[in-house]
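The values are calculated or read from the model by the stated rules, or taken from the named source; none is laboratory data. From a predicted model like this one, the values you see are computed outputs, not experimental measurements. As a convention, Cβ positions derive from the backbone with ideal geometry for all residues, glycine included, and neighbour counts pool all protein chains shown. Quick note on the areas: whole protein, heavy atoms, side chains included, nothing else; ligands and nucleic acids left out. Shrake-Rupley method; radii C 1.70, N 1.55, O 1.52, S 1.80 Å.
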Amino acid sequence: MNITILGTGAYGLALALMFFRNKCSIKMWTKFDEERDMLVEKREHTKVLPGVQIPYDIKFTTDMKEACEGADLIVIAVPAGFVDSVSSELKYCITPKQHICIASKGIEQGTCSFVYDILTRYIDSEKVAVISGPSFAVDIASLCPIGLSLATCNEDTENLIKKTLQNDYLKLRTTNDIVGVEVCGSIKNVIAIAAGILDGMGFPESTQAMFITESLHDIKSLIYALGGSKNTILSFAGFGDLLLTATSKKSRNFRFGYMLGSNASKDDIDDYINNTTIEGLYTLKSIYKLLRDREVDMPIIDLIYDIIYKDRDPRDLAKFLIEKD
């Protein structure tokens, strides 16, 4: 099978290695000439996935039309903030026969659209799926057992992705709840920031467990309010991804929260923001606006927003957990 991956970040590269292991032919697209040249020359992305070697059979290009030509499956693996521009360009390169798999997570600022909605704004296709779940890129690349949720309403797309991605190291559990999977994949990054704040302030695992449990209930209610299935909270995309992202210092969102909670210097925090993709920060503004637009009550998001953007005391998180209904 021919696979095209749009995006050469850590997650896109990790997925490429898994597709490659399943004997797929892979082309990867990046917008940046210097990134393409570095990957072609070094066969390693020293910034985002150091030490992981990329097979020479995986091709790199900055020409999206060239990348997509002949592909059976096109995987979108760029940060959420770039999905709109990538989708608008992909519109002129894709054919009706090709399938799309969304690996990006997040909500667009301004419109509050999830990635699936951003994509289908430009491309009218039923052959679209979303994958999400507890999976750091380095763990996929290291061939650790990984479980992902695969959400799609198209049986052919489901079968194609299972055939090309699932193997002895990666399990896919399927659902047709695209909304629920996208909500979970987006909001968990915001929750992870708050979990990092609690850890940075020195609260123990017992408090973290309380916070994660309360968050699960709120996310379940949000999924339902937006038209998804409450059961999705118990999936890889739901509880699985939240558990991973909200407890591990390998999570960029958790690490950012930890810096806030431990009173890291402003210079260190600014440097981290400027040199790291913190999806939770991008998503926080959007989910905050979305909740107001849809008239959905989710006080934990209001509190995290006030801590990040209005200098509210982070210690209010612990007080909130006790007082929360």
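When only alpha carbons are used to place a centre, the range 146-206 and the range 293-311 end up 23 Å from one another. Amide H contacts under 5 Å for residue 229: 180, restricted to partners 5 or more places along the chain or on a different chain, H placed in the peptide plane at 1.01 Å from N.
The listed peptides 57-63, 32-38, ordered by packing as a protection proxy, come out as 57-63, 32-38 (highest mean of other Cβ atoms within 10 Å first). Overall, the range 51-139 carries a charge dipole of about 80 debye about its Cα centre when +1 sits on the Cβ of Lys and Arg and -1 on the Cβ of Asp and Glu, all other atoms neutral.
Along the axis of the charge dipole computed for the range 66-121 (Cβ charges of +1 for Lys and Arg, -1 for Asp and Glu, origin at the Cα centre), the listed residues 107, 71, 96 are led at the positive end by 107. In the range 115-249, the portion of solvent-accessible area held by carbon and sulfur atoms comes to 49 percent [1.4 Å probe, whole percent, DNA, RNA and ligands not counted].
Share of pairwise Cα-Cα distances greater than 20 Å in the range 131-223 is 50 percent (whole percent). Once the 1.4 Å probe is applied to the protein heavy atoms, the chain comes out at 46 Å² accessible per residue.
For the range 165-307, a crude dipole built from +1 on the beta carbon of Lys and Arg and -1 on the beta carbon of Asp and Glu, taken about the Cα centre, is about 320 debye to the nearest 20. When +1 charges are put on Lys and Arg Cβ atoms and -1 charges on Asp and Glu Cβ atoms, the dipole computed for the chain relative to its Cα centre reaches about 560 debye.
Think of the chain as having a plus end and a minus end, set by charges on the Cβ of Lys, Arg, Asp and Glu; of 159, 286, 14, 159 sits farthest toward the positive end of this dipole. GNM on the chain, alpha-carbon springs under 10 angstrom: the most fluctuating residue among 225, 129, 16 is 225. Overall shape of the range 54-127 was characterised from the C-alpha gyration tensor. The equivalent ellipsoid obtained from it has semi-axes of 22, 15, 11 Å, in decreasing order. Between 124, 297, 267, the Gaussian network model of the chain with springs among Cα atoms under 10 angstrom shows the greatest mean-square fluctuation at 267. Within the range 191-325, the percentage of alpha carbon pairs spaced more than 18 angstrom apart rounds to 54%. Say R0 is 35 Å: what FRET efficiency, to the nearest 0.05, do residue 292 and residue 173 get from their beta-carbon distance? Once rounded, the FRET efficiency stands at 0.60. A Gaussian network model of the chain, with springs between Cα atoms under 10 Å, assigns the largest mean-square fluctuation among 101, 184, 93 to 93.
The string of couplings for the range 119-134 from the Karplus curve (6.51, -1.76, 1.60, θ = phi - 60°) is 4, 6, 5, 10, 10, 8, 8, 8, 8, 10, 9, 10, 10, 6, x, x Hz, one whole number per residue in order, with x for Gly and Pro.
Shown for the chain is the translational diffusion coefficient from the Stokes-Einstein equation, using the Kirkwood radius over Cα pairs, a temperature of 10 °C and a viscosity of 1.306 mPa s: 79 µm²/s. For the pairs 47/230; 220/249; 97/188; 163/289; 91/285, flag any whose C-alpha to C-alpha distance is greater than 31 Å. As for pairs spanning more than 31 Å Cα to Cα, those are 47/230; 97/188; 163/289. Helix 33-42 axis versus longest C-alpha principal axis of the chain: approximately 70°, rounded to the nearest ten. Subtracting the Cα-Cα distance of residue 23 and residue 213 from 0.36 nm times their residue separation leaves 64.4 nm of extension gain. With respect to the chain, whose longest principal axis is taken over its alpha-carbon atoms, helix 279-293 is tilted by about 70°. For residue 170, the residues whose amide H sits under 5 Å from its own are 146, ignoring neighbours fewer than 5 places away on the same chain, with H placed 1.01 Å from N.
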